[in-house]
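Trainee: Mind having a look at this structure? Questions to follow.
The values are calculated or read from the model by the stated rules, or taken from the named source; none is laboratory data. As the structure is a prediction and not an experimental result, all values here were calculated from the model. Because the Cβ atoms are built from the backbone with ideal geometry, glycine has one as well, and the counts that use them run over all protein chains shown. To get the accessible areas, we keep the full protein, side chains included, count just its heavy atoms, and leave off ligands, DNA and RNA. Shrake-Rupley method; radii C 1.70, N 1.55, O 1.52, S 1.80 Å.
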Amino acid sequence: EGKETVNLAEVGTKAAEGLDNLQEYLLEAAKERLAGSINMMATYEQMRDALEADEASEYNGPGLYLVPWKCDAENEDKIKEECKATIRCYPTDVNEAGMWEGKKCFYSGEDATHMALFGRAF
């Protein structure tokens, strides 16, 4: 946008408003990028195949996988060994909403205990 003339007495208020607007814009843009990078409910095989074909400088598909998960350290270690993916977090919004209920773990096939976000660090 163009320049704006502001009274010296209003500079602090106007600067704060501008920074608040910038912060809101950056937050919304980040939320959109994140939402576009999550693959919902992929199978383990789909995730593994996509990550095996992944080249960090070339891959432009979803790099995070939100999946039903039964917490098991041994299985998590196997996934890390097989495709270098690890749990990035357990999103509270989908877990509080019970999104995992009635679903099977995407790796073991056992009843899921929550949703997990898997991805690979680069």
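Trainee: Using amide H atoms built 1.01 Å from N in the peptide plane, name the residues 5+ places from LYS104, or on other chains, whose amide H lies under 5 Å from its own.
Mentor: ALA112
Trainee: Continuing with the same structure: Which one, GLU74, GLU17, GLU82, has the greatest fluctuation when you compute a Gaussian network model over the chain with C-alpha springs under 10 angstrom?
Mentor: GLU17
Trainee: Suppose every K and R has +1 on its Cβ and every D and E has -1 on its Cβ; what is the size of the dipole of the chain about the Cα centre, in Debye to the nearest 20?
Mentor: The dipole magnitude comes to about 60 debye.
Trainee: To the nearest 10 square angstrom, how much accessible area does CYS71 have with a 1.4 angstrom probe?
Mentor: Rounded to the nearest 10, the figure is 80 Å².
Trainee: Less than 27 Å apart at the alpha-carbon level, and either on another chain or at least 8 residues along: which lysines does that give for LYS104?
Mentor: Reachable lysines: LYS70, LYS78, LYS80, LYS84.
Trainee: What is the antiparallel percent of DSSP beta bridges lying wholly in the chain, to the nearest 5?
Mentor: 75 percent
Trainee: Give the angle, between 0 and 90 degrees and rounded to the nearest 10, that separates the Cα long axis of helix 73-83 from the longest principal axis of the Cα atoms of the chain.
Mentor: 80 degrees
Trainee: Which one of ALA112, ALA53, ALA16 has the biggest mean-square fluctuation once the chain is modelled by GNM with Cα springs under 10 Å?
Mentor: In the Gaussian network model the winner is ALA16.
Trainee: A further question on this structure: Compare the Cα positions of CYS89, THR13, LEU26 along the charge dipole of segment 1-109 (+1 at Cβ of Lys, Arg; -1 at Cβ of Asp, Glu; about the Cα centre) and return the one farthest towards the positive end.
Mentor: In segment 1-109, that residue is CYS89.
Trainee: Determine how large the accessible area of LYS104 is when every protein chain is in place; take a 1.4 Å probe and give Å² rounded to the nearest 10.
Mentor: Spelled out: LYS104, probe radius 1.4 Å, area about 120 Å².
Trainee: Between the helical axis of 11-36 and the dominant principal axis of the chain, each derived from Cα atoms, what acute angle in degrees is found, rounded to the nearest 10?
Mentor: On a 0 to 90 degree scale, this one is about 20.
Trainee: Report the relative contact order of segment 16-122, percent, no decimals, based on alpha-carbon pairs under 8 angstrom and at least 6 residues apart.
Mentor: Numbers: 146 pairs, mean separation 32.0, N = 107.
Reported relative contact order: 30 percent.
Trainee: I want to verify a result. In a Gaussian network model of the chain, Cα cutoff 10 Å, which of these has the top mean-square fluctuation: LEU34, LEU19, LEU51?
Mentor: The residue with the greatest mean-square fluctuation here is LEU19.
Trainee: Before rounding to the nearest 500, sum -39500 (n - 2.57) across all DSSP H runs of length at least 4 in the chain and divide by the residue total; then give [θ] at 222 nm in deg cm²/dmol.
Mentor: Computed mean residue ellipticity for the chain: -13000 deg cm²/dmol.
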